[in-house]
Amino acid sequence: MSVLLEFSMFPTDKGDSVSKYVSKLIDMIRNSDFPYKLTAMGTIIETETMDEALGIVKKSHEILAEDSNRVYSSIKLDIQKNKSNRLEGKIASIESKIGIVNK
């Protein structure tokens, strides 16, 4: 099974710039064994199970809740049985049709 998790999470009580706090989440994700892509608007992670994906969300919230009274989260999931490597494969499928898409 492949679970693609796209999420953004940040404290709402820390002012305009929250990269100091979000970077803690990215460091935790970077140190996990899951493939991921950081984007300007969120992070996409591929796991093999729903529990693993939700575990990342839960751990992320715990990290931010240590220093924050309010945390905003936006979460999307795409779950597909009998698939793997979709984080790269979905991009490769488009690129096979139209060429390189990311500059």
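The values are calculated or read from the model by the stated rules, or taken from the named source; none is laboratory data. These figures come from a predicted structure and were not determined experimentally. Please note: Cβ atoms are built from the backbone with ideal geometry, for glycine as well, and neighbour counts cover all protein chains shown. Ligands, DNA and RNA are stripped out before the accessible areas are found, and what is left, the full protein with its side chains, is counted by its heavy atoms. Shrake-Rupley method; radii C 1.70, N 1.55, O 1.52, S 1.80 Å.
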*Size of charge dipole - the stretch 42-103 - debye, nearest 20, with Cβ of Lys, Arg +1 and Asp, Glu -1, no other charges*: 360 debye
*Residue by residue through the stretch 86-103, which ³J(HN,Hα) values in whole Hz follow from phi under the Karplus form 6.51 cos²θ - 1.76 cosθ + 1.60 (θ = phi - 60°), with glycine and proline marked x?*
6, 4, 8, x, 5, 5, 4, 4, 5, 5, 5, 9, 10, x, 4, 10, 9, 9
*Taking the Cα atoms only, what angle lies between the long axis of helix 19-30 and the longest principal axis of the chain, rounded to 10 degrees?*
50 degrees
*Accessible area expressed per residue, the chain, with surrounding protein chains retained (probe 1.4 Å, Å²)*: 69 Å²
*Separation of alpha-carbon centers, the stretch 6-29 and the stretch 75-97, rounded to whole Å*: 25 Å
*asked:* From the protein chains alone at 1.4 Å, what is the descending order of accessible area for Y72, Y21, largest first?
replied: Y72, Y21
*Could you order peptides 83-90, 34-41, 54-61 by the average number of other Cβ atoms within 10 Å of their residues, highest first?*
54-61, 83-90, 34-41
*May I ask you to give the percent of accessible area on the chain that is carbon plus sulfur, with a probe radius of 1.4 Å?*
51 percent
*asked:* On the Cα set of the chain, report Rg and Dmax in Å, please.
replied: 14.9, 47
